[in-house]
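K.L.:
Pasting a structure below so you can have a look.
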Protein chains: 2
Amino acid sequence: MRKYLILAPHQFLENAKTAHGVIRYAEDETVAVIEPDFAGKRVRDVMPHLLSDAPFVSSVAQGLRYSPTALLIGTAPKGGALPAAWRGEILAAIAAKLEIVSGLHDLLNDDAEFVDAARTHGVRLWDVRVPPEVPLFSGAAYDVQPPIVLAVGSDCAVGKMTVMLELSRAARERGRRPAFVPTGQTGIMIAGWGIAVDRVISDFAPGAAEQLVLEAEKRGDLILVEGQGGINHPAYAPVTLSLLFGCAPDALILVVDPTRDRIESYSVPRLSYRALIRTYEALCATVKPARVLGIALNTRALSESAAHAAIDAARRETGLPVDDVVRFGPSALYDAVAPGILKGRVLGERVTA
Amino acid sequence: MRKYLILAPHQFLENAKTAHGVIRYAEDETVAVIEPDFAGKRVRDVMPHLLSDAPFVSSVAQGLRYSPTALLIGTAPKGGALPAAWRGEILAAIAAKLEIVSGLHDLLNDDAEFVDAARTHGVRLWDVRVPPEVPLFSGAAYDVQPPIVLAVGSDCAVGKMTVMLELSRAARERGRRPAFVPTGQTGIMIAGWGIAVDRVISDFAPGAAEQLVLEAEKRGDLILVEGQGGINHPAYAPVTLSLLFGCAPDALILVVDPTRDRIESYSVPRLSYRALIRTYEALCATVKPARVLGIALNTRALSESAAHAAIDAARRETGLPVDDVVRFGPSALYDAVAPGILKGRVLGERVTA
């Protein structure tokens, strides 16, 4: 188990999705957060829903009082380059023999100064995004025994990881042994294993997804895979398809932010619920059939009454169970979809005609 | 312009798809082929359809008589490792100052002995598969002016590259300036440019496809993109989708081997013509609409009468123009699809509902 000191100076509120995910969901404890803007306060004072009493501090030096074992880069700076001011903090952490954990595109292990310092102090630099070598997809995923559930979405950054973490929690409360499968850097930091599938060479991305469900089979009796991208995302849809085919899911959970009308950063309209379901199910039907069993809405931007209205509208349009599992808890959606997931593996028909 | 000496000892007939493609289609001339099994004969004696009088020789030393400028590895050895016997030939070619051109997964530039020799003799080692750094998909492909046509298929290795090269030939004969866009190693060797999209990191594969059509816009008035994989190929479909979204095609040509009933190496059935058309068009409709305008069948394994029957059956099933452009020439199919391709850009409707 790690004890994390999280680095997120002047960015904790706005640009620290990784920090928030790790604080809220990781089994590893966050002992302090470097954010001078809130020094003296605790995480709960600023973001109550993260359920953490970790203190904010102003520097690595101050954070060391809380006995961390690792420094985690908690933000994703625009362009992927590390702010110059952060280098000194990272070097201070290395000198204090903390492991450094980073999900940045710019790799710690490509930085000669960090590599030298890490060698001197016997410290590991963990670039979470660097994938291992994986074989081509083999079809072994088709023989995995526990049910495999994949989150698919209307776009990237709509909450697919959070939905699967919340459903894992509900499954655990009901006595199952869920294996959450991380497919991106924050998920990997939370679970302590996984592969950032978006960094794998295209030919091998379904093979990476397959390796993840083969590993998950050893870890639990219900496999819940974090999704990536969206099936009509012009840049990231191939990663979505790598998971859809490579994980060989038995069932899908659709995650939608109903307040977005187009794919983030592109002039491509968001698909309707029905078009999303049709598109995902039609693709699965060409390889291994799987059905969308429920819909998780991200209603963060809506009032509570507007959230209920959006949930009702999605229910009417699709006839499926719908809920916001962050806002209203995961139990209702889990109980609605679990029978379908657990009853057996024939949830759709293969289509060739 | 290069003059190729092609290395394919004891594998020319069975396992030299790259050699065949380069001999038949590259503008660069093949001056000789190293294949001791046929020494004394010419390519035309063994494979008449390659239309080449290049002689077979037994070694690099013999091949040098024909004044090559480059040695091209013409086969794909199983497992990607270079047979030990070939190393000596490659070193002999480097010593003779030939450029070395390779599409192998094992990179020449990772091999210390080859790198040292190349440095000593001032020779370039061109690993065709290594992609350049490319940006994320931006949407600039949507503004490319010439019509963009993408080959899509029922599986990999059904002839998508050959179909687009044949259609390029027909377009040229009719006075157009077609730009053939290579997306895999053999296509790159034939055209002298391109990106092996299957080697690009997943997040950037659509960006690579976009860079290719942006480059093609400078090269011609009709863009014909070599396809990859197949949309229900469990391992390679994400590369297919990277081209489908990243190239932003206006029209699709469907390439099918009707004699295969399942995806090569997998227990996944081949889709029917109608299911293939529906699946490809449905995906395009979610981002930028495009229609399948014609079907190219690969009837190599069929008798001539069986080939005609297969073509007729595909026509009846789909109502589209169908032909085998290798067996019967590309003119008929080109003339049938060109009006649709050239008449304008609105070939389908975006679907969101």
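Taken together, the values in this text are just the output of simple stated rules run on the coordinates, not laboratory data. Here the structure is a predicted model, which is why all the values come from computation and not from measurement. Here the Cβ is made from the backbone with ideal geometry for all residues, glycine too, and neighbour counts use every protein chain on show.
K.L.:
Looking at chain B only, what percent of DSSP beta bridges run antiparallel? Nearest 5 please.
P.N.:
Working: 2 of 39 bridges.
Among the beta bridges of chain B, antiparallel pairing accounts for roughly 5 percent.
K.L.:
Something else: Just how large is the dipole of the range A:237-319 about the Cα centre, in debye to the nearest 20, putting +1 at every Lys and Arg Cβ and -1 at every Asp and Glu Cβ?
P.N.:
Values: 10 positive and 8 negative charges, 34 e Å.
That gives the range A:237-319 a dipole magnitude of about 160 debye.
K.L.:
Report, in deg cm²/dmol and to the nearest 500, the calculated mean residue ellipticity at 222 nm for chain B, where each DSSP H run with n ≥ 4 adds -39500 (n - 2.57) and the sum is divided by the residue count. If you can, show how the numbers build up before the last one.
P.N.:
On the way: 12 runs with 123 residues, N = 353.
One gets -10500 deg cm²/dmol as the mean residue ellipticity at 222 nm.
K.L.:
Hey, for residue B:193 with labels 7 Å out along Cα-Cβ, what do the inter-copy distances come to in nm, ordered shortest first?
P.N.:
Copy-to-copy label distances for residue B:193: 4.7 nm.
K.L.:
Give me the angle, in degrees from 0 to 90, between the Cα long axis of helix A:160-173 and the longest principal axis of the Cα atoms of chain A, rounded to the nearest 10.
P.N.:
Between the helix axis and the principal axis of chain A, the angle is about 80 degrees.
K.L.:
Further, regarding this structure: Mind scanning B:218/B:343; A:343/B:288; B:17/B:343 and naming the pairs with a C-alpha gap bigger than 28 Å?
P.N.:
Working: B:218/B:343 21 Å; A:343/B:288 39 Å; B:17/B:343 35 Å.
Among B:218/B:343; A:343/B:288; B:17/B:343, the Cα-Cα distance tops 28 Å for A:343/B:288; B:17/B:343.
K.L.:
Here's something else I'd like to know. Label point 7 Å out from residue B:110 along Cα-to-Cβ: which residues of the range A:110-141 have amide N under 12 Å?
P.N.:
Within reach of a label on residue B:110, which here means backbone N under 12 Å from a point 7 Å along Cα→Cβ, the range A:110-141 contributes A:133-134.
K.L.:
Which part of the range B:36-62 falls in the paramagnetic zone of residue B:300, meaning amide N under 15 Å from the point 7 Å along Cα-to-beta-carbon?
P.N.:
The answer is B:47-51, whose backbone nitrogens lie closer than 15 Å to the label point.
K.L.:
Which listed residue (B:276, B:329, B:112) has the Cα farthest towards the positive end of the charge dipole for the protein assembly as shown, taking +1 on Lys and Arg C-beta and -1 on Asp and Glu C-beta about the Cα centre?
P.N.:
Farthest towards the positive end: B:276.
K.L.:
Ok, one more. Let me know the longest stretch in chain B that avoids all chymotrypsin sites (Phe, Trp or Tyr not before Pro) found in a DSSP loop with at most 16 other C-beta atoms within 10 Å.
P.N.:
Values: sites that count: B:193, B:328.
Answer from the scan: B:1-192.
K.L.:
Given the rotation that superposes chain B on chain A, what residue of B brings its beta carbon nearest the axis, and what is the distance in Å?
P.N.:
B:238, 2
K.L.:
Between the label point of residue B:315 and that of the same position in each other copy, find the distances and list them shortest first in nm, with every label point placed 7 Å from Cα along the Cα-to-C-beta direction.
P.N.:
In ascending order, 5.5 nm.
K.L.:
Another question, if that's okay. Once the convex hull of the C-alpha atoms of the protein assembly as shown is built, how many Å³ does it hold per residue, rounded to a whole number?
P.N.:
On the way: hull volume 116.6 nm³, N = 706.
Roughly 165 Å³ of hull volume per residue.
K.L.:
Follow-up. Suppose every K and R has +1 on its Cβ and every D and E has -1 on its Cβ; what is the size of the dipole of the protein assembly as shown about the Cα centre, in Debye to the nearest 20? The partial results should precede the final answer.
P.N.:
Values: 74 positive and 80 negative charges, 191 e Å.
For the protein assembly as shown, the charge dipole is close to 920 debye.
K.L.:
Compute the helix-to-body angle for A:331-342: its Cα long axis versus the longest principal axis of chain A, expressed 0 to 90° and rounded to tens.
P.N.:
Helix A:331-342 sits at roughly 60 degrees to that axis.
K.L.:
What is the dipole size for chain A, taken about its Cα centre, with +1 at each Lys and Arg Cβ and -1 at each Asp and Glu Cβ, in debye to the nearest 20?
P.N.:
The dipole magnitude comes to about 620 debye.
K.L.:
Oh, and also: For the Cα atoms of chain A, what angle does the longest principal axis make with the long axis of helix A:304-318, in degrees from 0 to 90, nearest 10?
P.N.:
Value to nearest ten degrees: 40.
K.L.:
Label-to-label distances across copies for residue A:215, with labels 7 Å out along Cα→Cβ, in nm, shortest first?
P.N.:
3.4
K.L.:
Of all DSSP beta bridges in the protein assembly as shown, what percent run antiparallel (nearest 5)? Write down the numbers at each step before the final one.
P.N.:
On the way: 5 of 79 bridges.
Restricted to the protein assembly as shown, the bridges split so that about 5 percent are antiparallel.
K.L.:
A further question follows. Per residue of B:193-201, what is the mean number of Cβ atoms on other protein chains within 10 angstrom of that residue's Cβ? Before the final figure, lay out the partial values.
P.N.:
Working: counts 0, 0, 0, 2, 3, 4, 4, 4, 7.
Mean partner-chain Cβ count within 10 Å for B:193-201: 3.
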